[in-house]
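Before any comments, here is the structure.
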Amino acid sequence: MTDIIRSDLILSRSAFSHIIDVPIEQVDIGKWLFGLREAEYQRCAPPDHISCGTTSTDDGRPMSINVEQIGSGLVVQHYVGEVVGKQRCLMVSTSDVFTPAGRTRVQVIWELSAKGLNDGRTEYTNSVVSHPTEEFLAFIASHGVSFEQASHDRQAASGDHNSRETPLFAESIARAALGQRQ
């Protein structure tokens with residue numbers, strides 16, 4: 001399937017941060033993300049997070065598959081690791097969105113990053129940006145919804161979701177850094 005991404009349009013954008021009591025040298029976001037157990041993923045945004053798993057693309061790049069409820073949409077994300085490192089992961093997905101009105105697709109860019117603070121703690125930031133596909137624009141038009149309304153609704157739902165999952169992701173990363181069972 002070929003998707004035409006409209007990177008000139010932003011459907012939603014949010015970024016939230018949370019400070020953890022772990023030095024940056026102990027943080028390994030990539031290891032955490034690709035070792036994340038399903039139950040731990042579910043604990044990071046109840047009741048929205050449904051399931052997760054890992055695989056790889058045909059060319060060997062790591063993938064994180066996430067299934068979650070965001071607003072009224074069930075979203076199946078196929079995040080490809082464009083950058084996978086200890087202090088930064090950049091994940092890009094063309095995600096399937098199942099809504100009460102039907103199925104469509106959007107691009108989601110998820111950036112997980114950490115920076116060390118002078119006091120020995122770490123600031124974790126969870127950033128999510130979504131762009132519509134041409135298919136999405138046709139889908140909303142066929143249902144009489146303007147891009148402005150769709151963007152407003154997605155921004156509210158995605159921002160709410162991200163604000164709740166960020167501190168829980170950060171604390172999960174902290175537990176992993178300290179070698180505590182997830």
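Structure above, values below:
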| item | result |
| --- | --- |
| Excluding exposed DSSP-loop trypsin sites (Lys or Arg not before Pro) (at most 13 other C-beta within 10 Å), longest clean stretch of the chain | 38-180 |
| Shape box of segment 1-104 [Cα atoms, principal axes, largest first, Å] | 45, 33, 27 |
| Spin-label proximity, T57 to segment 1-23 - amide N less than 16 Å from point 7 Å beyond Cα toward beta carbon | 1-5 |
| Pair D3, E148: separation of 7 Å Cα→Cβ label points (nm) | 2.6 nm |
| Note, ³J(HN,Hα) from phi for segment 111-117, Karplus 6.51, -1.76, 1.60, rounded to Hz, x at Gly and Pro | 10, 10, 9, 9, 9, x, 9 |
| Most positive-pole-ward Cα, G81, V145, T104, against dipole of segment 57-165 from beta carbon charges | G81 |
| The chain: relative contact order as a whole-number percent, Cα under 8 Å and 6+ apart | 32 percent |
| Exposure rank, largest accessible area first [H143, H152, H78; 1.4 Å] | H152, H143, H78 |
| Segment 84-182 - Debye-derived log10 I(q)/I(0), Cα point model, q = 0.24 Å⁻¹ | -1.30 |
| Probe 1.4 Å, accessible area per residue of the chain, Å² | 48 Å² |
| FRET efficiency estimate (nearest 0.05) - Cβ-Cβ, K31 to L117, R0 22 angstrom | 0.60 |
| Stokes-Einstein D in µm²/s, Kirkwood radius over Cα pairs - the chain at 10 °C with 1.306 mPa s viscosity | 95 µm²/s |
| Share of carbon and sulfur in the accessible heavy-atom surface of the chain [1.4 Å probe, %] | 52 percent |
| Kirkwood-based Rg to Rh ratio, segment 102-148, C-alpha trace | 1.32 |
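The values are calculated or read from the model by the stated rules, or taken from the named source; none is laboratory data. Worth saying up front: this structure is predicted, and the values here are computed from it rather than measured. Backbone-built Cβ (ideal geometry, glycine too); neighbour counts: all protein chains shown. These accessible areas exclude ligands, DNA and RNA; they are computed on the full protein's heavy atoms, side chains included. Shrake-Rupley method; radii C 1.70, N 1.55, O 1.52, S 1.80 Å.
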